[in-house]
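The values are calculated or read from the model by the stated rules, or taken from the named source; none is laboratory data. A quick note: this is a predicted structure, and the numbers were derived from the prediction, not measured. Cβ sites come from the backbone with ideal geometry, for glycine too, and all protein chains shown count toward neighbours.
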Amino acid sequence: MGDVIQSRLNDSLARLDAAMGSSPLPGTGRSSRASAIRPFTFKADANQMDVSSMLDGTAMEFGDSRFGVSMMDSPSMVFEEVTAPVRYSILGDNTLDNTSAALLAQDDPGLRATQVLFSEFVNIMVSHPSEVQVWEELEAYEKACSQQVDMLSKLLRMAPRHHANFTRTEQVHQQLLNERNTWRLLGSLYVERMADECKDDDMDKDLSKLNTDQTIIDTFFDTNRTIKEAQTVIDWLEKNAADSFDKFYDHVEYHGDNHIAYENTLKTLKSKQAGGLPLMGARALVTSLDPDSSMRQGRPLHDLDQEKELLILRNVFAHVRSGQIELAQDLLVRSGQQWRAATLEGWRLHHDNNPSDPSQRNAIKGNPYRDVWKAVAWGIASDERVPEYERAIYGALCGHLGSVLNVCKAWEDVLWSYTKCFINGVEEHLEKTSPKYCSLSHLHIKPEDVQIRVNFIFFRLDAYVLNVDIRVVPYQIIQK
């Protein structure tokens, strides 16, 4: 049995060498498994390139040391040379401080992490030889990358700022993040495509027999593979955004969490009513605090309230971008904007699952007047007087492409915007096939917003001028 395993291992390594364009030096053998907690080690030759050098196109020579402690079997050992003593433990030690991070800076942590990931991938490939294990293999690749991303994220947070040795680590961290997201996308699409075959011909069934928004949409999704895969891409983009939320957005709680909206404007108005004198040169503020007062009166809020309002709207949009509508509503409630939290309920599909028997009653979900809500949301997204992030929030929920693109800064954000509008194009089909949706014609949705087809999404994405460096990232080419 041992000979069979060793033969399979050698065969896999030979295929890996051939794929990399290199082969072992004459007389160089492959070592067997070192121990139960070290599933694979090998001796690299001087002509072999390591993974991190391949990422930036430069070749680096390995020494004669062995490497490859499995992070899956021993998560506390993040990187280690097998012939050397254990140096550092990151994930298993929650007491990492700036001192230990500075010690790690003596070597390049990004390089070491990449070396371990290389051996992890070899172990995963060898341990999943069957075609029926493809899903488990993809999941294992994503898990290995995620562990390395988490380790490097923690290390970069604790490391001294602008340390020279961590410049490469930051680059490797971003590349591993893209690697993880790519494996995650492959896994999601694989599961979707291996599900039961969906016949597009069934999508033209008589939808008029379905009595709620939810059942109509569910039926359409179940019978249209293109729509299902588009939704899979949206779910993937939103999950990636949720994982990176804390990195890019400040928490509103740090700027006050007292459940009072427009607190500084309120204090100013109360002071004025009490006979207080306004500050010299102060602008005339709104005289009421209803949600439409600023636009109706043409007057601003207090400067501090405007700053916090922008911060709140940015965070709410980030939650919507991450698929976290409930968290966005919770944030608005904590900020004293219960009215705005209520407006985010209107996009939900209506569903009344109650049978004809009145003795059996179930909760009614969603908005029965969703078409009216979408018309109002479309008007907000189209109004240039409204703050751009507020326009983007409602635009993302009603399918107004232009308002969402105004705040998109990254390739993933633009892809999310176009795909969301593609999903909203479902209603174009429904209004033609179901009398229930005949009232949707007043939305005046432009054909270029709703008639987006999957084959043209990436064409439009490339045509949308962002940044040359963004549009040629290798991982994004793979994802496309």
Cβ pairs under 7 Å, 6+ apart or interchain, first in the range 383-397 and assigned by TED's automatic domain parsing to the domain that holds L310 and of a type in the set (F, W, Y), second surrounded by 24 or more Cβ atoms within 10 Å (Cβ to Cβ) and outside any loop (DSSP other than H, G, I, E, B), ordered by first then second residue, are Y394/A377; Y394/A381
> Is there a residue being of a type in the set (D, E) and at pLDDT 65 or above anywhere in the range 459-473?
Replying inline: yes
V316 fails exactly one of (1) buried (at least 20 other Cβ atoms within 10 Å of the Cβ); (2) free of Cβ contacts under 8 Å to residues at least 40 places away in the same chain, namely (2)
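Condition test on R348, is it touching a strand residue (DSSP E or B) at 6+ places or on another chain (Cβ under 8 Å), in the same structural domain as E263 (by TED's automatic domain parsing) and within 22 Å of I227 (Cβ to Cβ)?
Details: touching a strand residue (DSSP E or B) at 6+ places or on another chain (Cβ under 8 Å): yes; in the same structural domain as E263 (by TED's automatic domain parsing): yes; within 22 Å of I227 (Cβ to Cβ): yes.
Judged against the criteria, R348 is a match.
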Checked against (1) modelled with pLDDT under 85; (2) buried (at least 22 other Cβ atoms within 10 Å of the Cβ); (3) under 30 Å from M194 (Cα atoms), V132 satisfies every condition except (2)
Those residues of the range 293-307 which are assigned to a helix (DSSP H, G or I) and surrounded by fewer than 20 Cβ atoms within 10 Å (Cβ to Cβ) amount to S293, M295, R296, Q297, D303, L304, Q306, E307
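Okay, residues lined up against (1) modelled with pLDDT under 80; (2) part of a helix (DSSP H, G or I); (3) farther than 28 Å from Y475 by Cα; (4) among the small types (G, A, S):
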| residue | (1), (2), (3), (4) |
| --- | --- |
| F62 | yes, no, no, no |
| Y88 | yes, no, yes, no |
| T95 | yes, no, yes, no |
| Q115 | yes, yes, no, no |
| A140 | no, yes, no, yes |
| C145 | no, yes, no, no |
| H173 | no, yes, no, no |
| E179 | no, yes, no, no |
Restricting attention to the range 334-379, the residues that are within 19 Å of V316 (Cα to Cα) and either in contact (Cβ under 8 Å) with a residue 60 or more places away in the chain or within 26 Å of the chain's Cα centre (by Cα) (or both) number exactly 16
* Given the structure, is G336 under 25 Å from T212 (Cβ atoms) and in a loop (DSSP other than H, G, I, E, B)? -> no
On the given criteria, is S322 touching a residue at least 24 places away in the same chain (Cβ under 8 Å), assigned by TED's automatic domain parsing to the domain that holds A242 and more than 27 Å from K272 (Cβ to Cβ)? yes
Looking at this structure, is V414 closer than 29 Å to I477 by Cα, assigned to a loop (DSSP other than H, G, I, E, B) and touching a helix residue (DSSP H, G or I) at 6+ places or on another chain (Cβ under 6 Å)?
no
Flagged pairs (Cβ under 7 angstrom, 6 or more apart or on separate chains; first in the range 127-155, in contact (Cβ under 8 Å) with a residue 40 or more places away in the chain and closer than 20 Å to S188 by Cβ; second among the basic types (K, R) and crowded, with 16+ Cβ neighbours inside 10 Å) are E142/R180; E142/R184
Restricting the range 372-404 to residues that are surrounded by 17 or more Cβ atoms within 10 Å (Cβ to Cβ) and of a type in the set (V, I, T), the one nearest to C421 (Cα to Cα) turns out to be V404
Those residues of the range 405-417 which are surrounded by 14 or more Cβ atoms within 10 Å (Cβ to Cβ) and either modelled with pLDDT of 95 or more or not aliphatic (A, V, I, L, M) (or both) amount to N406, C408, W411, E412, D413, W416, S417
(Q) Can you find a residue that is at pLDDT 85 or above, farther than 30 Å from R193 by Cα and surrounded by fewer than 16 Cβ atoms within 10 Å (Cβ to Cβ) anywhere in the range 268-282? (A) yes
